[in-house]
Amino acid sequence: MKTKGTKEWADTNVNCVDGCAHDCRYCYAKKQAIRFKRTTEQDWHIMAVRPDDVAKGYRKRDGRIMFPTSHDLIPADPSFASCMVVLEKLLRAGNEVLVTTKPHLDAVRYICNNLERYRSQIQFRFTITSMDDAVLKYWEPNAPSFQERFRSIEYAWHSEFKTSVSIEPILDSSLQDLEALYDTVEIYTTESIWLGTMNHVKGSVMRQNGVKLDPASIYRHFVNKDGLVRFKDSIRNAVGIA
């Protein structure tokens with residue numbers, strides 16, 4: 001059986017909010033929620049806490065839990081406090097948690113400073129898709145700038161937390177720009193850097209907005225890079241590797 005999607009990173013996942021204020025153009029969770037009429041294009045950015053998911057108890061699960069997967073951790077949003085309640089419940093139960101986020105520095109500081117006793121159970125996976133803020137602003141309109149994301153991974157690394165990076169979807173239009181991003185975040189990465197192309201968006205839209213790299217060229221360029229590089233299923237499937 002091929003491993004893909006969230007299963008490449010964790011055995012199970014947990015979410016406690018509907019919607020996401022980052023409102024990324026390529027977001028699969030958003031597309032699915034609109035498709036099944038759970039939200040609208042206009043309302044997705046409104047983050048609605050699911051009280052039952054916050055209030056319930058969480059037990060120790062087999063394997064690693066990814067949290068969150070369909071929303072993000074945004075300190076300025078009222079949902080942030082509920083997210084931290086759920087995260088601490090997962091950790092208190094003894095779970096290993098992969099904290100996935102387009103990182104806001106204040107959120108990373110909160111976790112590092114307030115959940116330090118669970119450091120051995122936490123790995124951050126920071127989504128950092130380009131160093132070009134104009135590119136980020138188009139595809140991820142309300143998400144943090146590159147500088148804030150870089151300061152976040154730097155802070156977590158200095159706080160001695162495990163760090164990893166997701167460059168998915170790759171938003172740069174040249175291998176040189178992508179390599180510069182990789183080399184920049186590598187300094188503060190302790191575990192892995194994942195590369196993946198954009199899914200669920202028409203190729204013509206991607207090309208019109210500067211996303212032109214094909215999976216085969218990415219694979220050839222990075223396959224011998226170093227021990228940190230990992231390829232998502234979008235690249236593995238395109239080049240026919242396990």
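For this structure, a couple of remarks:
- Of the solvent-accessible surface of region 131-237, computed with a 1.4 Å probe and all protein chains present, 48% belongs to carbon and sulfur.
- Residue pairs exceeding 32 angstrom between C-alpha atoms, taken from Lys56/Lys137; Lys60/Lys162; Lys31/Lys232; Lys89/Lys137; Lys37/Lys225; Lys60/Lys225: Lys56/Lys137; Lys89/Lys137; Lys37/Lys225; Lys60/Lys225.
- Backbone amide hydrogens, once placed in the peptide plane, bring Glu96 within less than 5 Å of Ile65, excluding anything fewer than 5 places away on its chain.
- Placing +1 on the Cβ of every Lys and Arg and -1 on the Cβ of every Asp and Glu, with no other charges, gives region 38-87 a dipole of roughly 420 debye about its Cα centre.
- Here is how the number arises for the chain: DSSP H runs of 4 or more residues each give -39500 (n - 2.57), the sum is divided by the residue count, and the result at 222 nm is -10500 deg cm²/dmol.
- Protection proxy ranking of 162-168, 217-223, by the mean of other Cβ atoms within 10 Å over each peptide's residues and highest first, is 162-168, 217-223.
- Relative contact order, whole percent, for region 1-138 stands at 25, derived from Cα pairs under 8 Å and 6 or more residues apart.
- Database remark: amide H of Arg230 closer than 5 angstrom to the amide H of Ile193, Trp194, Leu195 (H placed geometrically; neighbours at sequence offset of 5 or more, or on other chains; Pro and chain starts carry no H).
- Across the chain, Cα pairs under 8 Å and at least six residues apart give a relative contact order of 17 percent.
- GNM flexibility winner over the chain from Asp62, Asp18, Asp53 (Cα, springs under 10 Å): Asp62
- Look at where the Cα atoms of region 128-169 and of region 83-127 average out, and the two centres are 16 Å apart.
- Sequentially through region 167-174, phi angles give Karplus couplings (6.51, -1.76, 1.60; θ = phi - 60°) of 9, 8, x, 5, 10, 6, 9, 9 Hz, Gly and Pro residues having no value and appearing as x.
- Probe 1.4 Å, protein heavy atoms only - accessible area per residue of region 1-91 in square angstrom: 55 Å²
- Expressed as a whole percent, the accessible surface of region 1-71 that belongs to carbon and sulfur atoms is 50, based on a 1.4 Å probe.
- For the chain, Cys16, Cys20, Cys83, Cys112 have no disulfide-compatible partner, since no other Cys C-beta lies under 4.7 Å from theirs.
- Region 213-240 versus region 44-63: alpha-carbon centroid distance in Å: 34 Å
- Result for the chain in a Gaussian network model with C-alpha springs under 10 Å: among His71, His158, His45, the largest mean-square fluctuation is at His158.
- DSSP H segments from the chain that extend 15 Å or more along their own axis, Cα-based, with Kyte-Doolittle mean of -0.5 or above: 79-92, 175-186
- Here the Gaussian network model covers the chain, with springs between Cα atoms less than 10 Å apart; of Val211, Val99, Val85, Val85 fluctuates the most.
- For region 63-71, 3J(HN,Hα) per residue [Karplus equation, 6.51 cos²θ - 1.76 cosθ + 1.60, θ = phi - 60°, Hz, x = Gly/Pro]: x, 8, 9, 9, 9, x, 10, 10, 8
- Inter-probe distance in nm under a simple model that places probes 7 Å from Cα toward Cβ, at Lys31 and Asp11: 3.0 nm
- Amide H to amide H, with H built 1.01 Å from N, Thr127 comes under 5 Å of Thr101, Lys102, Ser166, counting only residues 5 or more places away or on other chains.
The values are calculated or read from the model by the stated rules, or taken from the named source; none is laboratory data. Quick caveat: nothing in here was measured; it's all calculated off a predicted structure. Because the Cβ atoms are built from the backbone with ideal geometry, glycine has one as well, and the counts that use them run over all protein chains shown. The accessibility values were calculated without ligands, DNA or RNA, using every heavy atom of the protein model including side chains. Shrake-Rupley method; radii C 1.70, N 1.55, O 1.52, S 1.80 Å.
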